[in-house]
1. In this structure, is ILE192 at pLDDT 95 or above, assigned by TED's automatic domain parsing to the domain that holds TRP323 and under 18 Å from SER289 (Cβ atoms)?
2. What about LYS175, is it surrounded by fewer than 19 Cβ atoms within 10 Å (Cβ to Cβ), in contact with an Asp or Glu (Cβ under 7 Å, 6 or more places away or on another chain) and at pLDDT 80 or above?
3. Is it the case that VAL141 is over 30 Å from GLU315 (Cβ atoms), β-branched (Val, Ile, Thr) and free of Cβ contacts under 8 Å to residues at least 12 places away in the same chain?
4. Does the range 243-255 include one or more residues that are of a type in the set (A, V, I, L, M) and under 25 Å from the mean Cα position of the chain (by Cα)?
5. Just checking, which of GLU108, GLU144 is more than 14 Å from the chain's Cα centre (by Cα) and either assigned to a loop (DSSP other than H, G, I, E, B) or not basic (Lys, Arg) (or both)?
6. Could you tell me whether the range 161-181 includes any residue that is of a type in the set (Asp, Glu), not in a helix (DSSP H, G or I) and not assigned by TED's automatic domain parsing to the domain that holds ALA260?
7. Only one of these is at pLDDT 95 or above, under 25 Å from the mean Cα position of the chain (by Cα) and surrounded by fewer than 18 Cβ atoms within 10 Å (Cβ to Cβ): ARG300, ARG354. Name it.
8. Take VAL127 and decide whether it is of a type in the set (Val, Ile, Thr), surrounded by fewer than 17 Cβ atoms within 10 Å (Cβ to Cβ) and either outside the structural domain of ALA309 (by TED's automatic domain parsing) or in contact (Cβ under 8 Å) with a residue 12 or more places away in the chain (or both).
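The values are calculated or read from the model by the stated rules, or taken from the named source; none is laboratory data. Computed from a prediction, not measured in an experiment: that's the story for all the values here. Counting neighbours? That spans all protein chains shown, and the Cβs are built from the backbone with ideal geometry, glycine included.
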Amino acid sequence: MDKNQFVNRTNIILDRNIDVVPIIDEVLSHWSFDLFTRRPGAALTADGVFKGTDLDLACFMSALVDRGAVINIPKYKARRVATQKEGERVVSKDNRHGKCMGLTANKEAFSFSIRINDANVMTTEDVGAPRNFMLVDVDGVWYEGWKCIEFMPNREENDFLKDKKLWTGYTVQFKNFVHPNRWISFYGRHYILTKLLIQRLGEQAKFLGDEVKRLQAAGVRFPTSDKPNKVGGPQYGGLSSAKTTKVGAQKSIKIDAFEAEIGGVEFKGEHPKLPNTSEALKEAADLRSKIIYNKLPALRFATRATELAFHLHGEDGKNMPAWTEGGWTRGVKLPKKRKEWNEIELFGFKLRYRTWKKSERVAA
């Protein structure tokens, strides 16, 4: 992305009067992993010694998500305490299988998960419900609760794995979740732009939620002919009255948390108020659901994967690409705030990050 494109897209994101939806997929497309352009090293040396592929799992799983592949996780032990939802039943804890729906990442802990339409979940009307399965633990290392993911490669994937000599028998074994060199992207325009878009969409989702409540309070009703939206969550904005209960013992552990933000951001204008119509109510609720359950998780996964690579391989900011000028300012405190940040100016914005010890609740 050149400077002019960056400035143009930034101006769109920062202006609430401009519809930002048309550029979401464009921003996401930068982070889409084109598996078949990768040139990973073979899993075996010329002497037949196993060394593992340097293809990262994030890239491979993204390719499976993009085509909506069906995967199976033969054995899985939940890291978080189980949540039981009223009207749902898990028929088996083994062989959790279903169509890939997306990849998710925690905002502060370095945990990453695959989201599938889990066919092991049965309701009174359907088979299958969204479930997250952790791939990377809360501390940014491989999660031990899963060992293997099974899938049926399509012809293109099979040819790629065969030509690049990535098969080890009938399996592909990964060393890295994200490629070590990805830390460089932490300093790039695409990362800055994506973080700005996440902030704008988070604000817009709240606005849409408030508008849905306002219209309903004014007596506007959803079109009666519409069926519940099962793509992103319960009908209209992911709101549900179903009772959920946590099952099993929990414990608290301490982890190294990581947070990054873009400072110096000033949005201008106001979100346009919606007309008091059923159509506007439905459109607002559907867009809110799409943002919360689809677009924001995808954007956050991209930035958190980059942040993980920086955390693991950026040497706490000591490694810097050639195009940056200056270095990090340490111990920065914002007015009337106690948090201390590391800060650097890039492309007219202030990139900040911090690490701290955080308590996380996990299954005992």
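1. Considered against the rule, which asks whether it is at pLDDT 95 or above, assigned by TED's automatic domain parsing to the domain that holds TRP323 and under 18 Å from SER289 (Cβ atoms), ILE192 comes out as no.
2. Taking the combined requirement at face value, the residue satisfies it.
3. Against the criterion (over 30 Å from GLU315 (Cβ atoms), β-branched (Val, Ile, Thr) and free of Cβ contacts under 8 Å to residues at least 12 places away in the same chain), VAL141 does not qualify.
4. Yes, the range 243-255 contains a residue that is of a type in the set (A, V, I, L, M) and under 25 Å from the mean Cα position of the chain (by Cα).
5. Every option except GLU144 fails the conditions.
6. no
7. ARG354
8. Taking the combined requirement at face value, the residue satisfies it.
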